[in-house]
Structure formats: C-alpha cells, structure tokens
Amino acid sequence: MHTRHHTLVFSGFTLHRIDFDPTTFLQTDLLWLPHHTSLATAGRKRRAEHLAGRIAAVHALTAFGEKNVPGIGENREPLWPAELHGSITHCGTTALALVARQPVGIDLETVFTPELAEELAAEMVTPEERQRLEESGLPFPLALTVAFSAKESLYKAFSPLAKALPGFTSVRVIAIDARQITLTCLADFSPQLAGTSLSVAWVQDHQQVITLAS
C-alpha cells in the first residue's frame, strides 16, 4: 500500500501522520503485522485503515526506542509497551498515532455537514451542551464535531478508568473556544473521575478536526 509519513507538533506532542492510498492495498501487505490473522474476516477498507494506523504507531514508538507493532487487546484496543501510552485514529485516507509517557488520546474526524449535525446532535449532546456550542461563536457543525471528537479522545486517554461504552452524555461540555474544549466527567463515565473537568486541545485542518486529551 502506498503511504506517506510526516510529523506535526500539536499541544506539545509529536503526532505521526500517515496518508495512504487504499486503492493500492494488497492482502499481502498485512503480513507485516504479527497479528495479521486476526484481521482475516475484516473488510478491505478496515484492513487498509488498520495497517495505516499501525504504520503510524511504529513511527511514534521508534522515538522511544521501541520497534514492535502494537498488538490488539481483548477490547480491540492497541497494546502498548510497559510504561508507555499511545493512541491511534484514522479518518478517510489519513491515520494518526501518538505515544507518550502519560495517558493520551487522539481523534480525527471530518467536520459534520449541517444536515448530519442536526441528525446526530441529540445523540451526542444534551440541550444544555448544545446551547453552549451554539453560543461559542463557532459554526454549530464544527462545534459539534469538536465535542464529539473530544469525547472520543477523552475515552481513549482514560479508558482504563472508564466504564465500557459509557455513552456520549456521560461527559458534558462546559466550555469551548478556538483552541480547547473543557469537559466534565460524570459517574456514568467513570466513578473515579466523576466531577473532574478536563481540557482537550483541538485544531481544524482543512475539513478535518484533530482533538488531543492527555
């Protein structure tokens, strides 16, 4: 599969980006992955995305002296070396990976269209959250995309403490501006983090949004 790698610095972390061409993906490309047999039943799109994400992850791990490809855990999460934390995300033909010595989570999303934002809003935010997003000064589709992505990043960063599939309204938006969004965790998200407010950095890159929680 044809790929291109480069790095970007965001919120004090180095992100490794892989742009890939899924039309060039070959089944034999998966042989690079030690766990390739676990992807035998996955669709072509899923296999290409997974491969791109793991390529990005290996680039990120190299900076820490690690070269092994992260495996797949019981809950389909990437398995990172001891004392390291990481996160992988992909959207369209781009994959991002990040490795750090503290819990981190990243997410990449295409900005919702106005029609999709209206369709999904009730599932992702409460009426109070929606009001905060509408009053932020950002276009509502962009603000909702940031909120959705930030909740995903927060779950990735703190999944060891979070309940399984806690739901989007288990974390509430309390503030948002042009650089970060602040979320409060409820007990439905994590009893240990209940009442804790955390800031998630975000940036818009053309028609995509990147969020990072740490």
Residue tally, condition within 20 Å of residue 175 (Cβ to Cβ) and aliphatic (A, V, I, L, M), over the range 112-134: 5
Selected residue (only one of 143, 150 is in contact (Cβ under 8 Å) with a residue 60 or more places away in the chain and outside the structural domain of residue 15 (by TED's automatic domain parsing)): 150
Candidate set from the range 177-214 (those that are over 18 Å from the mean Cα position of the chain (by Cα) and in contact (Cβ under 8 Å) with a residue 40 or more places away in the chain); member that is farthest from residue 129 (Cα to Cα): 178
Strands (runs of 3 or more DSSP E) contained in the range 51-162 and holding at least 2 residues more than 24 Å from residue 33 (Cα to Cα): 105-110
Filter result for residue 17 (in contact (Cβ under 8 Å) with a residue 24 or more places away in the chain and surrounded by 21 or more Cβ atoms within 10 Å (Cβ to Cβ)): no
Neighbours by Cβ (under 7 Å, 6+ apart or cross-chain): first from the range 59-86, exposed (fewer than 14 other Cβ atoms within 10 Å of the Cβ); second among the basic types (Lys, Arg): 83/101
Filtered residues of the range 153-163 (kept if charged (D, E, K, R) and either in contact (Cβ under 8 Å) with a residue 60 or more places away in the chain or outside the structural domain of residue 193 (by TED's automatic domain parsing) (or both)): 156
Strands (runs of 3 or more DSSP E) completely within the range 164-214 that count 1 or more residues being surrounded by fewer than 18 Cβ atoms within 10 Å (Cβ to Cβ), small (Gly, Ala, Ser) and assigned by TED's automatic domain parsing to the domain that holds residue 76: none
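The values are calculated or read from the model by the stated rules, or taken from the named source; none is laboratory data. Model, not experiment: these values are computed from the prediction. Note that each Cβ is placed from the backbone with ideal geometry, even for glycine, and that neighbours are counted across all protein chains shown.
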